[in-house]
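Here's the structure we're looking at; comments come further down.
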Amino acid sequence: MNKKLQQIALDFYKLKAVKFSKEGFKFNLHAEHPEAPLSPNYLNLRDVFRDPEVRKNIAKQIAPIVKKLKPDILVDLPQSISPITTTVSDMTKIPMISVRSEALKGIKKDHGVKQNINGVFKKGQKVLIIDDVVSSYAFTKIKAVEVLKESGLKVIPKIIVIVDREEGGKESLKNFKYDLISILGFKDILNFYLSKKLITKKDYEKSLEYSKFAKDYASK
């Protein structure tokens, strides 16, 4: 990681975005495979994105990628990534829309104008999805693509995330014919924390062990 990415990783640590637990945490993986071991760590970026300086630094990493891909609209997947997508939109002057959380769960809106997307768009426009984290199955991203296409939008076959937990999500998206672009890999974050003695060797090893388990389960 370069110094800017190290600073972002350090901000994650300072703002307690990465948590470790002996009891473990459940993820979407466990709904499919309840026999899988629990994760020894949890990554929650919601509070991180509330910090204006950190938010700006992260958005600066994403903006150049967005400009190269030249979307007509940015797509925000609610709700944790919303502050980042808004900041990137401000930086690039590219408008944004949001896929409603109910639509991502397969629940159709039955009131108002009954739309699955908030924001202004035209059919045929190119859109780019941005999200915070990808883990094993990338369910939310894949569902978002389906909702966007059903609304007549052209989805750029690349998805940007802040952190790839490196648990099979990249491969799941690849099978769906979408490429993952991540700002940070979770293993790089853990390596950095260990080098700075911010985490224990045990937490580090358990985290890598779980990543391997999760990736193997996701491929089943």
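Computed from the alpha carbon positions, the gyration tensor of region 16-57 leads to an equivalent ellipsoid with semi-axes of 28, 11, 6 Å, biggest first. A Cβ-based charge dipole, computed about the Cα centre of region 116-220 with Lys and Arg at +1 and Asp and Glu at -1, lands at about 240 debye. For the pair residue 123 and residue 100 in one chain, pulling the backbone fully straight at 0.36 nm per residue adds 6.5 nm over the alpha carbon distance. Let me make sure I get this right: for region 1-76, a, b and c are the square roots of the gyration tensor eigenvalues over alpha carbons, sorted descending. Under 1.5 in a/c it's rounded, otherwise prolate if a/b > b/c, else oblate. Which is it? The shape class here is oblate. Excluding same-chain residues fewer than 8 positions from residue 19, which lysines have a Cα within less than 18 Å of its Cα? By straight Cα distance, residue 19 reaches 187, 196, 197, 201, 202, 206. Taking the Cα centre of the chain as origin and assigning +1 to Lys and Arg Cβ atoms and -1 to Asp and Glu Cβ atoms, the resulting dipole is close to 540 debye. Region 149-220 and region 1-47 have Cα centres separated by 11 Å. Our coupling estimate for region 164-176, obtained by passing each phi through the Karplus curve with A = 6.51, B = -1.76, C = 1.60 and θ = phi - 60°, is 9, 6, 6, 10, x, x, 4, 5, 4, 5, 4, 5, 8 Hz, Gly and Pro reported as x. Bridgeable aspartates and glutamates around residue 122 (alpha carbons under 18 Å apart, same-chain partners fewer than 8 residues away excluded): 72, 76, 146, 150. When the pairs 105/177; 177/215; 70/177; 22/220; 170/220 are compared against a 23 Å limit on Cα-Cα distance, 22/220 fall above it. Given +1 at the Cβ of Lys and Arg, -1 at the Cβ of Asp and Glu and no other charges, the dipole of region 1-102 around its Cα centre is 520 debye to the nearest 20. Residues whose amide H lies under 5 Å from that of residue 198, counting only those 5 or more places away or on a different chain, are absent; hydrogens are built 1.01 Å from N in the peptide plane.
Bear in mind that the values in this text are calculations on the coordinates, not laboratory data. A quick note: this is a predicted structure, and the numbers were derived from the prediction, not measured. No Cβ is skipped: glycine too gets one built from the backbone with ideal geometry, and neighbour counts run over all protein chains shown.
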